[in-house]
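These notes concern the structure reproduced below.
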Amino acid sequence: MNNTFELKKGKLVFGEDNIVISDNAAYIRRSRVLPLGTLLLLAFARLVTYFKSGDTSSLQFALIFGTIGILILISEFFKSTKSEIFLKEVKSMKIKRSLFREYLVIKFGKNKTRVVTGIFNAERLKDYIKTVELQK
């Protein structure tokens, strides 16, 4: 059975004992974390403005956007950008669909997940995952 799957930008290769992923996950992570950091700096600046002037709208802005930014940033650190995952580390693999896009979620040790996006033939990948799980 063919174990190479094409992605929008890269490849997903299932080996004998590992999974090799070549995509732009590190770039995507940086493009998510950088705006969150900017949002947190803006929220901190508005918090300082509140302490100087006592304007309650500054406090509301700082609390709402600061809390949202921190929660999303914490959830981003539970995602991995590893390009090679050994099959003995993998707890589960699932194809999920959201907003007309399909992506592979690989869960492995210490609550880490690896999300692979841009899958061209998700049905063939789903069938392959079922055969790999049956062999375990």
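Coordinate-derived values only; no laboratory data. Not measured: the values here are computed from a predicted model. Note: ideal-geometry Cβ built from the backbone for every residue, glycine included; neighbour counts use all protein chains shown.
Observations on the structure shown:
- The lysines whose alpha-carbon is closer than 20 Å to the alpha-carbon of Lys130, local same-chain residues fewer than 8 away aside, are Lys11, Lys88, Lys91, Lys94, Lys96, Lys107.
- Selection from Leu39, Asn24, Ile72, by position along the positive dipole direction of segment 11-81 (Cβ): Leu39
- Label reach from Val132 (point 7 Å along Cα→C-beta): in segment 1-41, amide nitrogens under 14 Å belong to 1-7, 11-22.
- HN-Hα J in Hz across segment 77-86 - Karplus 6.51, -1.76, 1.60, θ = phi - 60°, x for Gly and Pro: 7, 8, 9, 10, 10, 4, 9, 9, 10, 7
- If the chain linking Lys88 and Leu59 were pulled fully straight, counting 0.36 nm for each residue of separation and taking away their Cα-Cα distance, it would gain 5.6 nm.
- Global size of segment 66-107 as Cα Rg and Dmax, reported in angstrom: 13.3, 38
- Scattering from the chain was approximated by placing one identical point on each alpha carbon and applying the Debye formula without solvent; log10 I(q)/I(0) at 0.10, 0.18, 0.22 1/Å stands at -0.46, -0.97, -1.30.
- Over all other residues within a Cβ to Cβ distance under 11 Å of Arg32, the charged ones net out to +2, with Lys and Arg as +1 and Asp and Glu as -1.
- Over all projection directions, the Cα-based convex hull of segment 31-76 averages an area of 2.7 nm².
- Point-charge dipole on Cβ atoms (K/R +1, D/E -1) for segment 1-106, about Cα centre, debye to 20: 200
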